[in-house]
Amino acid sequence: QVQFVESGGGLAQPGGSLRLSCAASGFTFSIATMAWYRQGPGKQRELVASIFGGGSTNYADSVKGRFTISRDNAKNTVYLQMNRLKPEDTAVYYCYGRWALKDYWGQGTQVTVSS
């Protein structure tokens, strides 16, 4: 059974930092494509960043240079380091995994950027 446990969300001030973690189980993590999506108030869910099994990454233009996605295959965990946060980064952030042609989602963690 595939499971994701997300952590690290919360409240941050503009310009601040947060790190999200997603611990995965139930599949071969090391070869899975992992990603973070987000859904802001009144908005559609959007891709924030992805990381492939080989380690290559992609980012949404809105977060390039501020966010970094990484993975630790020994811990079956994917991270999203978020720096220089802006109010428009406020959203529910979802961990995503794709393995064996199936999509899997975490429960989401709230990130609020406000002074």
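All but one of (1) open to solvent by 50 Å² or more (accessible area, probe 1.4 Å); (2) without any contact (Cβ under 8 Å) to a residue 24 or more places away in the chain; (3) not polar (S, T, N, Q) hold for Gly55; which doesn't?
Only one criterion is unmet by Gly55, namely (1).
Could you list, in sequence order, the residues of segment 94-115 that are more than 15 Å from the chain's Cα centre (by Cα) and within 18 Å of Phe52 (Cβ to Cβ)?
Across segment 94-115, the qualifying residues are Trp99, Ala100, Leu101, Lys102.
Which one of these does Val78 not meet: (1) open to solvent by less than 10 Å² (accessible area, probe 1.4 Å); (2) β-branched (Val, Ile, Thr); (3) part of a strand (DSSP E or B); (4) farther than 21 Å from Gln1 by Cα?
(4)
Against the conditions (1) assigned to a strand (DSSP E or B); (2) surrounded by 14 or more Cβ atoms within 10 Å (Cβ to Cβ), where does Leu11 fall short? Just the number, please.
(2)
What are the residues in segment 58-75 that are under 25 Å from Pro14 (Cα atoms), outside any loop (DSSP other than H, G, I, E, B) and either open to solvent by 80 Å² or more (accessible area, probe 1.4 Å) or free of Cβ contacts under 8 Å to residues at least 12 places away in the same chain (or both), if any?
Applying the first criterion (under 25 Å from Pro14 (Cα atoms)) to segment 58-75 yields 58-70.
Filter once more, so that each one left must be outside any loop (DSSP other than H, G, I, E, B): 58-59, 67-70.
The answer is Asn58, Tyr59.
Which residues, taken from segment 87-102, are open to solvent by 80 Å² or more (accessible area, probe 1.4 Å) and out of contact with any Ser or Thr (no Cβ under 6 Å at 6 or more places or on another chain)?
Glu88, Leu101, Lys102, listed by residue number.
Restricting attention to segment 14-35, and to residues there that are among the polar types (S, T, N, Q) and in a strand (DSSP E or B), which single residue is surrounded by the most Cβ atoms within 10 Å (Cβ to Cβ)?
Ser21
Can you tell which of Gly9, Gly26 is of a type outside the set (Ser, Thr, Tyr) and under 12 Å from the mean Cα position of the chain (by Cα)? Steps first, answer last, please.
On the way: Gly26 fails: under 12 Å from the mean Cα position of the chain (by Cα).
Answer to the selection: Gly9.
The values are calculated or read from the model by the stated rules, or taken from the named source; none is laboratory data. Keep in mind it's a predicted model, so treat the numbers as computed, not measured. Using ideal geometry, Cβ is built from the backbone for each residue, glycine included, and neighbour counts are taken over all protein chains shown. Note: accessible area is taken over every heavy atom of the protein model, side chains too, but ligands, DNA and RNA are not part of it. Shrake-Rupley method; radii C 1.70, N 1.55, O 1.52, S 1.80 Å.
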